[in-house]
1. Sorted by packing (mean other beta-carbon atoms within 10 Å per residue), highest first, where do 388-400, 438-450 land?
2. Using each residue's phi in the range 409-417, evaluate 6.51 cos²θ - 1.76 cosθ + 1.60 at θ = phi - 60° and report the 3J(HN,Hα) Karplus result to the nearest Hz, with x for Gly and Pro.
3. Based on the mean of other Cβ atoms within 10 Å per residue, sort peptides 483-491, 345-353 so the most packed one is first.
4. Mind checking the full-extension length gain between Arg475 and Arg185? Use 0.36 nm per residue of separation minus the Cα-Cα distance, one decimal, nm.
5. Between (1) 27.0; (2) 29.3; (3) 39.1, which matches mean projected area of the Cα convex hull in nm² calculated for the structure shown?
6. Enumerate the calculated ³J(HN,Hα) couplings along the range 273-286 in order (Karplus 6.51 cos²θ - 1.76 cosθ + 1.60, θ = phi - 60°), each rounded to whole Hz, writing x wherever the residue is Gly or Pro.
7. Please report the antiparallel percentage of DSSP beta bridges with both residues in the chain, rounded to the nearest 5.
8. Suppose a student asked you for the relative contact order of the chain, using Cα pairs under 8 Å spaced at least 6 residues apart; what percent would you report?
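The values are calculated or read from the model by the stated rules, or taken from the named source; none is laboratory data. Here the structure is a predicted model, which means the values were calculated and not measured. Cβ sites come from the backbone with ideal geometry, for glycine too, and all protein chains shown count toward neighbours. When the accessible area is computed, the model is the full protein with side chains, heavy atoms only, and any ligands, DNA or RNA have been set aside. Shrake-Rupley method; radii C 1.70, N 1.55, O 1.52, S 1.80 Å.
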Amino acid sequence: MNLLTLHALAAALTLTSPDGSQRIDIRPERNADSVLTVSYDVTFRGNPVVQGGRMGLDLDNRSWEMALALGKRRLPQPAHWMDTFVLDSITYQSADTVWHPLYGERSTVRDRWNGGTLHMSRHDGSDYRLDIQARAYDEGIAFRYFFPEHPAAVFHKVTDDLTTYRLPEGTMLWAEEWAQAPFRRIPADSVTHPVERALTLEFPGGYWGALTDADVDDWCLTRFDSRGDNTLGSEMYSPVDIVTYYATPWKVIMAADTPGKLLENNDIIQNLNPPCAVLDAAAWVKPGTIMRETTISTEGAIRTLDFCAEHNIPYMLFDWLWYVPCTSHDGDATKVVDKLDMKRVTDYARERGIGIWLYVNQHALMKQQRELLPLLREWGIVGIKSGFVQYASHRWATWLHDLVRDAADNHLMMNIHDEFRPSGFSRTYPNLLTQEGIHGNEEWPDATHNVTLPFTRMINGAADYTICYFDKRLRNTHAHQLAASVVFYSPLQTILWYDKPERYNGEPEIEWFERLRTVWDDTRVLSGMPGRHIAMARRSGSDWWVGAMTGNDARELPLTLDFLEPGAKYTARIFTDDPSVPTATQVKCTTRSVNSKTKMNLKLLPRGGAAMIITKD
């Protein structure tokens, strides 16, 4: 291993993506006080994305006392853990593979990147080492910190993430201050409170970016805060205790020509997670739509199960109150309320081919997890919706991800609700079908918010938006709601939230939900802009589902069906808003022949939308 002198380290590591669009330059340098700083730049097609960002971590260790106990010379501890590191060597890697997820927004994923690692250490007798691992994908840049195994200081306490992102002047952010918050479009230098990831960036040159993370199951929540001068920092929710060897989560910096390309490129997050660890997952992890039973009674459940069976909805959920008190430490999730005969319901559900999911609050999961998960499997339950879970600190993050692992051991699927957001863990444990972490339909957002979500929150991955339909509190049109169920990806897609079977009065567009898929072979963003509109097409087999949504304003949206197979003939079933339709939902259902040359002009009402099922003839 050659020791490189630090005065010769300008642009120590340069990586370019296979297609040449993405580039990162990493420079370990000493300042006038001989303190090490690792800075970096990221560009997209030569345009600045991050300029003079900083890399690094700070630790609070007790290895000095350990070294003294071993009879070694006690050395003065530097102000920051990385201050006296030197660069020992650089190695390079690359990969180009293809894999097929159990489910996803596309059935084939390419994992192609050029990578490099800076191997660093402290030459002061402490035996500290740190690697900075970086990759350049066509979709963006990723880097993380890796601790090789330490011969004595096995335990490390990470107290601060020093990573910063200095953005070009004039960059705008699509920011939210918590995972279920609305969005604000603000200048990068006006952040006053930490903001969530994915954080979408609108650069003054007309290109786009996003900051997010991947592979975070053994870390704490990290958000972005302001450090002044258009610079964002990394705010750790809590310290993190690690055992070497250890890799931190990946930092992901995406860049693209359009905001829609950011969404199309979000497989970079899955690629940065380990492969599936559940060998038999395909046998029992089954995506689909789900409807909630609202009465929490045997009779109500029978009616809802019949409705689900009649309308091709494979799952039914008992939300809170099937055990009481479900939001207290006194709750007992092994005991069902008197008005619900769980055995009769699960037996009937099995006869009708419907799977039962149960909501369970964190109090019960903490107290009863070991006995509860095997019991639910014994009852015939197929999935758990966990509610009000803590997830932000290192302790609760590891607990929550271990809960998913335990659920997999018991062949239980999961839907994590409240603030938790995905970072690709479902690739490794696909029994985690979806999660909330979104300002969804429970909170009645307007249409402008809804057409912001695809370019922001949905970059992270699946979201349980809980789509409402017949409820009179809806702020948007019903065709808008139909389109949302294909635009907002979720392998477990909650539909008809707050609704009951008796609210259905023969509306013909129920066909959309009956035919809806939740797993896709291909996904295309046809057009769109945050806060304005979105048009998406998703393919299942040879058929396509299309969703178009506008914000609060009316819009004429041109749509060309050039994503269809050239020369093939198709039939389109089209669902649009029409105030003249004499139903409560006022959705018009039409059929027409189309092909790859067909051009449409969708006239979307304020807060409206349109949906299509295009079937190959």
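1. 438-450, 388-400
2. 4, 9, 6, 10, 7, 9, 9, 8, 9
3. Ranked from most to least packed, the peptides come out as 483-491, 345-353.
4. Answer, rounded to one decimal: 102.2 nm.
5. (2)
6. 10, x, x, 4, 9, 10, 5, 9, 4, 4, 6, 9, 8, 10
7. 85 percent
8. Relative contact order for the chain comes out at 11 percent.
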